[in-house]
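What follows is a set of notes on a single structure, which appears directly below.
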Amino acid sequence: MSKTIHQQITDYVCGLDPDSRVQLLLTYCLGRLFVKEHGRGGDWKALAASVDGRHIADWLRAAVANGDPWLDNVDELARPKKLLKFGKVEQVTAEADKAMAKANQTKIAHVADGNDEFVMELGNGLYVVRLLTPEALDYESSIMQHCIGNGGYDAALESGERQFFSVRGVTGKPHVTIDIDTESGWVVDMKGKQNSPPDPAYVEALTAFFRSRPNLRFMRNTGLVFDQDRRLVHVRSLPDGTVIEGDLRIGGGDNLVLPTNLTVKGDVEITFIKKVTLPRTLTVGGTLMFEGCELAGKIENLTVNGWSAFFADITHTTPSFLGKVSVEHLGLSNTQTTELPELYVKSIAIEECPISDLSALAKHECLTLLRLTALPNIMEVPAIGTIGNLEFRELPIRDFHALPDAEEILFAKMEIGKLPENLSVSGTLTFANCKIEALPHGLTVGNIAFIETEAPEFTSDMIVIAAKQGRRPATF
């Protein structure tokens, strides 16, 4: 089943910070407002895109690290009253800005020697230093007016979990702050002043720094990737024909226009973006995930060499946003798709879509899995070749006049009137939470299972292969 709105909001909020205490505080101030926005018919994803959630998380993390007194002023449910007073996300942002500015007021003074170390020259008077102490983080925060200082990241710095770097100019003034996870090599964040994206000139200059660390990978919020020439490029301004050497991960924001022809040698993960204009040709070396987005345009040719391509909680105005799809497994969950694309797949799962015509599946033979869930417009299943696992969940079909040959068949949460006579299932035929009128004559199964289902009378000509081998024939 697709995720509920509350689950989507929880996933989004928890993705802003790994600490459970900070996640809970984010739920009180941001998650609560997203739920309220959805409740009054608004678009919570657009609201989330309008606020810098990581900036809010930085403020709350610093408050927890410093033991700010307002955290102890709670209601009867132990929720800080300060966070419950916010009625708009702009108020939350303003409070984070105010707290950050107050903390930085007394720290605008250059740190002493030994708090940072020289790393490399970038040219044009620019160079990179590594920040070594909490005092260095405080200074960086005070000049850059973001939340790297004031205690929020001190523990991660001192434990060696994270490394922090700063791009400096000829006067020693910071221009860009870089946050890297030491163990994984993820570039967690890269910010200019006041949490803004870095100036493109600084991004270009930093190409040499990142090239010198080939094992680094960019998290989605940095907006940076390497192209085929190891040039640092921003994901929102990719030229046509771009080949990305690693992963492409983009989360949040209003609009994303992908180039007409795009190749990504790693994984692609695009989530919670208000509107994405799709490429006409997309080739992915790893897996593909689109979630929580409005899609414009159509991928005429999609090739995914990893195991799966998955589209969840997708809105679009066309019958299908896919033309020809080549992938081992295709998943469509809660999309507005009414037409299946031209498929070259080994398995497919479709749930909560208004699709009414499954005839495109008739061309397939030897599917390893066909899972159909909660498809209100499906009245029949076309003739399909041999299938490994066949799963029907919450379909409106009551009478089945034909079924594909399958190793395993599952019916779940359905009312079943008739099944085809002489049905043969080499593995297990399972009925879960179903109502069954009768079993068909000539039924042959490896085994048969009834889960939260009243078993009908067995026909005299029914064959259970497992029973012939001396094993228990059925589960009730």
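Only one of LEU361, LEU330, LEU367 is open to solvent by less than 10 Å² (accessible area, probe 1.4 Å), within 30 Å of ILE451 (Cα to Cα) and in contact with a helix residue (DSSP H, G or I) (Cβ under 9 Å, 6 or more places away or on another chain); which?
Result: LEU367 is the single residue among LEU361, LEU330, LEU367 that is open to solvent by less than 10 Å² (accessible area, probe 1.4 Å), within 30 Å of ILE451 (Cα to Cα) and in contact with a helix residue (DSSP H, G or I) (Cβ under 9 Å, 6 or more places away or on another chain).
Of all residues in region 15-52 being assigned to a helix (DSSP H, G or I) and in contact (Cβ under 8 Å) with a residue 60 or more places away in the chain, which is farthest from GLU161 (Cα to Cα)? Walk me through how you get there before you give the answer.
To start, the set of residues in region 15-52 that are assigned to a helix (DSSP H, G or I) comprises 20-39, 44-49.
Okay, now just the ones that are also in contact (Cβ under 8 Å) with a residue 60 or more places away in the chain, so 29-30, 45-46, 48-49.
Numbers: CYS29: 28, LEU30: 27, LYS45: 31, ALA46: 33, ALA48: 28, ALA49: 29 Å.
Of everything passing the filter in region 15-52, ALA46 is farthest from GLU161 (Cα to Cα).
Answer with yes or no whether PHE321 is over 30 Å from PRO456 (Cβ atoms) and surrounded by 15 or more Cβ atoms within 10 Å (Cβ to Cβ). Break it down into steps so the answer makes sense when it comes.
Values: over 30 Å from PRO456 (Cβ atoms): yes; surrounded by 15 or more Cβ atoms within 10 Å (Cβ to Cβ): yes.
It is true that PHE321 is over 30 Å from PRO456 (Cβ atoms) and surrounded by 15 or more Cβ atoms within 10 Å (Cβ to Cβ).
Listed residues PHE226, PHE311, PHE272, PHE290; which is in contact (Cβ under 8 Å) with a residue 40 or more places away in the chain and not basic (Lys, Arg)?
Checking each option against the conditions leaves just PHE272.
Among the residues of region 355-394 satisfying the criterion of being hydroxyl-bearing (Ser, Thr, Tyr) and closer than 17 Å to GLU339 by Cα, which is nearest to the chain's Cα centre (by Cα)?
Out of the qualifying residues, it is THR373.
Picking from GLY292, GLY306, GLY285, which residue would you name as being within 23 Å of LEU367 (Cβ to Cβ), of a type in the set (Gly, Ala, Ser) and buried (at least 16 other Cβ atoms within 10 Å of the Cβ)? Show your work before the answer.
Details: GLY292 fails: within 23 Å of LEU367 (Cβ to Cβ); GLY285 fails: within 23 Å of LEU367 (Cβ to Cβ).
Within the list GLY292, GLY306, GLY285, the selection yields GLY306.
Identify the single condition in (1) out of contact with any helix residue (DSSP H, G or I) (no Cβ under 6 Å at 6 or more places or on another chain); (2) at pLDDT 90 or above; (3) open to solvent by less than 70 Å² (accessible area, probe 1.4 Å) that ASP72 does not satisfy, given that it satisfies every other one.
Tallying (1) out of contact with any helix residue (DSSP H, G or I) (no Cβ under 6 Å at 6 or more places or on another chain); (2) at pLDDT 90 or above; (3) open to solvent by less than 70 Å² (accessible area, probe 1.4 Å), ASP72 fails exactly one: (3).
To keep it simple, each residue is scored yes or no on (1) open to solvent by less than 30 Å² (accessible area, probe 1.4 Å); (2) within 15 Å of ARG79 (Cα to Cα); (3) out of contact with any His (no Cβ under 6 Å at 6 or more places or on another chain); (4) at pLDDT below 85.
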position	(1), (2), (3), (4)
LEU16	yes, no, yes, no
VAL22	yes, yes, yes, no
LEU25	yes, yes, yes, no
TYR28	no, yes, yes, no
ARG32	no, yes, yes, no
ALA46	yes, no, yes, yes
ASP52	no, no, yes, yes
ARG61	no, no, yes, no
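Restricting to strands (runs of 3 or more DSSP E) lying wholly in region 309-385: which have 1 or more residues that are within 20 Å of ILE270 (Cβ to Cβ), modelled with pLDDT of 95 or more and not hydroxyl-bearing (Ser, Thr, Tyr)? Outline the logic, then answer.
Details: elements: 322-326, 329-333, 342-344, 347-351, 367-373.
Once the strands (runs of 3 or more DSSP E) in region 309-385 are filtered for at least 1 residues that are within 20 Å of ILE270 (Cβ to Cβ), modelled with pLDDT of 95 or more and not hydroxyl-bearing (Ser, Thr, Tyr), what remains is 322-326, 329-333, 347-351.
Taking into account only those residues within region 413-423 that are part of a strand (DSSP E or B) and open to solvent by 60 Å² or more (accessible area, probe 1.4 Å), which is farthest from GLU454 (Cα to Cα)?
LYS418
Take ASP254 and decide whether it is out of contact with any Cys (no Cβ under 6 Å at 6 or more places or on another chain) and on the phi > 0 side of the Ramachandran plot. Don't jump to the end; show me each part of the working.
On the way: out of contact with any Cys (no Cβ under 6 Å at 6 or more places or on another chain): yes; on the phi > 0 side of the Ramachandran plot: no.
Considered against the rule, which asks whether it is out of contact with any Cys (no Cβ under 6 Å at 6 or more places or on another chain) and on the phi > 0 side of the Ramachandran plot, ASP254 comes out as no.
So for region 466-476 (the condition being touching a residue at least 24 places away in the same chain (Cβ under 8 Å), in contact with a Ser or Thr (Cβ under 9 Å, 6 or more places away or on another chain), over 26 Å from SER359 (Cα atoms) and outside any loop (DSSP other than H, G, I, E, B)), does at least one residue qualify?
yes
Kindly provide the set of residues from region 348-357 that are in contact (Cβ under 8 Å) with a residue 24 or more places away in the chain and either surrounded by fewer than 20 Cβ atoms within 10 Å (Cβ to Cβ) or among the charged types (D, E, K, R) (or both), ordered by number. Write out each step before concluding.
Filtering region 348-357 for residues in contact (Cβ under 8 Å) with a residue 24 or more places away in the chain gives 349-352.
Correct list: ALA349, GLU351, GLU352.
Out of region 427-454, which residues are surrounded by fewer than 14 Cβ atoms within 10 Å (Cβ to Cβ) and assigned to a strand (DSSP E or B)?
Result: ILE451, single match.
List, please: which pairs have Cβ atoms under 8 Å, are six or more places apart or on different chains, and start with a residue in region 92-119 that is closer than 12 Å to GLU140 by Cβ and in a loop (DSSP other than H, G, I, E, B) and end with one that is open to solvent by 40 Å² or more (accessible area, probe 1.4 Å) and at pLDDT 70 or above?
VAL111/GLU135; ASN115/LEU132; ASN115/GLU135
The values are calculated or read from the model by the stated rules, or taken from the named source; none is laboratory data. Keep in mind it's a predicted model, so treat the numbers as computed, not measured. Glycine also receives a Cβ, built like all others from the backbone with ideal geometry; neighbour counts cover every protein chain displayed. Side chains are part of the model used for accessible areas, which takes the heavy atoms of the whole protein and leaves out ligands, DNA and RNA. Shrake-Rupley method; radii C 1.70, N 1.55, O 1.52, S 1.80 Å.
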